[in-house]
Amino acid sequence: MSSKIGFIGLGVMGRPMARNLLKAGNKVVVYDIFPAGIKELVADGATSCSSAKGVAERSDIIITMLPDGPDVEKAVLGPNGVLEGARPGSTLMDMSSINPIVAQKVGKACAEKGVEFLDAPVSGGEPKAIDATLAIMVGGDQAVFDKLSPILHLMGSSVTLTGPVGAGNMTKLANQIIVACNIAAMGEALVLATRAGLDPEVVVNAIKGGLAGSAVLNAKAPMAIARNFKPGFRIRLHQKDLRNALQAAEEYKVPLPLTSIVQGLIMSLMNEGKGDYDHAGIVTAIEKMAGIEIARPAESTEHLRIAAD
Ligand code: NAD
């Protein structure tokens with residue numbers, strides 16, 4: 001059955017996600033503050049609207065895919081926002097990665113207007129948004145989740161209800177902590193291996209099938225070795241996610257020592273103008289401290305380099 005779906009936020013992720021909803025035969029109404037994404041989706045068969053309010057008026061399900069919490073608050077709670085147009089009984093699904101506390105605030109405002117709400121951030125980046133194989137972590141009521149599940153499966157291959165509203169974003173923060181610390185640890189390991197004269201590609205191939213193997217190692221080590229930091233997932237977005245994690249940790253009085261250190265590395269990269277590097281570029285902060293880049297040796301090395309050399 002086709003649904004009337006509103007989609008707000010047509011950036012790197014929103015465009016392919018909205019496109020997959022269209023491909024499945026749904027009527028999709030779109031809005032973004034910039035025209036580029038709107039033009040693309042209209043060419044694919046979507047209808048455009050000039051405000052978030054207009055999108056909500058024309059939709060049974062409204063999806064937001066925006067950079068951060070303040071953007072979601074503006075688009076949903078602000079003037080000409082979703083809640084000025086949404087009908088009671090409609091559902092708002094925010095798929096942005098935001099502070100769980102903001103997700104709860106937005107969920108409460110929706111409930112007061114009789115609008116159902118799920119927070120449903122994603123993991124997997126642009127390639128998985130294109131393939132509709134995102135991992136989607138959802139917070140909200142079971143009944144709303146069950147109703148929206150078929151729509152979520154048009155965008156993702158792993159769709160999990162993780163708890164009440166806010167739980168989706170809390171799960172996403174857990175994801176982002178693990179990914180950021182993993183990239184930093186990979187940077188330390190490969191800088192050390194390179195300094196010792198080893199070929200980092202051989203090192204990665206040797207360890208990827210063991211306990212140190214990970215999706216992060218598979219995706220990000222080749223990028224670091226090839227010096228390819230084209231995004232992908234931008235360092236500035238990861239800075240936003242770790243900031244949200246550290247804010248949540250303060251609320252819950254939980255120390256996050258590793259996350260705090262990696263956030264410091266990320267801040268130094270932002271100050272160097274590397275905010276738009278892919279987050280694989282976190283390794284460059286470690287490289288700078290060591291004064292060496294992760295690289296394959298020019299010639300094959302027969303022996304480990306002696307540390308005092
Ligand atoms: P993006 O910056 O490419 O796109 C965001 C879009 O939102 C932009 O087109 C922008 O113009 C629009 N926008 C901002 N404020 C708006 C408003 N008030 N009303 C309407 N449109 C507005 O970001 P993205 O990479 O698509 O990421 C979106 C979210 O998904 C972020 O929270 C990000 O952390 C998360 N995410 C991104 C990736 C990735 O690989 N890019 C992966 C997983 C999760």
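Going by the structure shown, is residue 155 of a type in the set (A, V, I, L, M) and open to solvent by less than 20 Å² (accessible area, probe 1.4 Å)? Yes. Just one of the numbered conditions (1) in a loop (DSSP other than H, G, I, E, B); (2) closer than 22 Å to residue 241 by Cα; (3) open to solvent by 10 Å² or more (accessible area, probe 1.4 Å) is not true of residue 71: (1).
Results for (1) surrounded by 20 or more Cβ atoms within 10 Å (Cβ to Cβ); (2) touching a strand residue (DSSP E or B) at 6+ places or on another chain (Cβ under 9 Å), shown as yes or no for each residue.
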{"residue": "166", "(1), (2)": "yes, yes"}
{"residue": "169", "(1), (2)": "yes, yes"}
{"residue": "207", "(1), (2)": "no, no"}
{"residue": "225", "(1), (2)": "yes, no"}
{"residue": "242", "(1), (2)": "yes, no"}
{"residue": "245", "(1), (2)": "yes, no"}
{"residue": "260", "(1), (2)": "no, no"}
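When the range 126-150 is filtered for residues that are β-branched (Val, Ile, Thr) and in contact with a strand residue (DSSP E or B) (Cβ under 6 Å, 6 or more places away or on another chain), the ones remaining, listed by number, are 133, 136, 138, 144.
Only one residue in 103, 111, 174, 132 is within 12 Å of the ligand (Cβ to nearest atom) and either outside the structural domain of residue 248 (by TED's automatic domain parsing) or among the hydrophobic types (A, V, I, L, M, F, W, C) (or both), so which one is that? Show your work before the answer.
On the way: 111 fails: within 12 Å of the ligand (Cβ to nearest atom); 174 fails: within 12 Å of the ligand (Cβ to nearest atom); 132 fails: within 12 Å of the ligand (Cβ to nearest atom).
Testing whether each residue is within 12 Å of the ligand (Cβ to nearest atom) and either outside the structural domain of residue 248 (by TED's automatic domain parsing) or among the hydrophobic types (A, V, I, L, M, F, W, C) (or both) leaves just 103.
Apart from one condition, residue 94 fits all of (1) within 15 Å of the ligand (Cβ to nearest atom); (2) over 21 Å from residue 58 (Cβ atoms); the exception is (2). Quick check on residue 136: is it over 20 Å from residue 223 (Cβ atoms) and at pLDDT 95 or above? Spelling it out, residue 136 is indeed over 20 Å from residue 223 (Cβ atoms) and at pLDDT 95 or above.
Of all the criteria given as (1) out of contact with any helix residue (DSSP H, G or I) (no Cβ under 6 Å at 6 or more places or on another chain); (2) open to solvent by less than 10 Å² (accessible area, probe 1.4 Å); (3) more than 23 Å from residue 168 (Cβ to Cβ); (4) of a type in the set (Gly, Ala, Ser), the one not satisfied by residue 37 is (1).
So how many residues does the range 74-85 have that are within 12 Å of the ligand (Cβ to nearest atom) and either open to solvent by less than 60 Å² (accessible area, probe 1.4 Å) or among the basic types (Lys, Arg) (or both)?
Start the filter on the range 74-85 by keeping residues that are within 12 Å of the ligand (Cβ to nearest atom), which leaves 74-82.
Now drop any that are not either open to solvent by less than 60 Å² (accessible area, probe 1.4 Å) or among the basic types (Lys, Arg) (or both), which leaves 74-76, 78, 81-82.
Total satisfying the criteria: 6.
The residues listed here are 121, 88, 100; of these, the one that is open to solvent by 80 Å² or more (accessible area, probe 1.4 Å) and of a type outside the set (A, V, I, L, M) is 88. For first residues located in the range 234-248 and near the ligand (Cβ under 9 Å from one of its atoms), partners that are not in a helix (DSSP H, G or I) and lie 6+ apart or on another chain with Cβ distances below 6 Å form the pairs 234/276; 240/68; 241/97.
Restricting to strands (runs of 3 or more DSSP E) lying wholly in the range 1-64: which have 2 or more residues that are of a type in the set (A, V, I, L, M), more than 11 Å from the ligand (Cβ to nearest atom) and under 26 Å from residue 88 (Cα atoms)?
Details: elements: 4-8, 27-31, 61-64.
Once the strands (runs of 3 or more DSSP E) in the range 1-64 are filtered for at least 2 residues that are of a type in the set (A, V, I, L, M), more than 11 Å from the ligand (Cβ to nearest atom) and under 26 Å from residue 88 (Cα atoms), what remains is 27-31, 61-64.
A single member of 191, 159, 165 is among the aliphatic types (A, V, I, L, M) and within 16 Å of the ligand (Cβ to nearest atom), and it is 159.
Scanning the range 271-298 for residues that are closer than 21 Å to residue 237 by Cα and either open to solvent by 40 Å² or more (accessible area, probe 1.4 Å) or in contact with a Cys (Cβ under 7 Å, 6 or more places away or on another chain) (or both) turns up 271, 272, 273, 276, 277.
The values are calculated or read from the model by the stated rules, or taken from the named source; none is laboratory data. No experiment lies behind these values; they were computed from the predicted model shown. Cβ atoms come from the backbone with ideal geometry, glycine included; neighbour counts cover every protein chain shown. The area values use the complete protein model at the heavy-atom level, side chains included, leaving out ligands, DNA and RNA. Shrake-Rupley method; radii C 1.70, N 1.55, O 1.52, S 1.80 Å.
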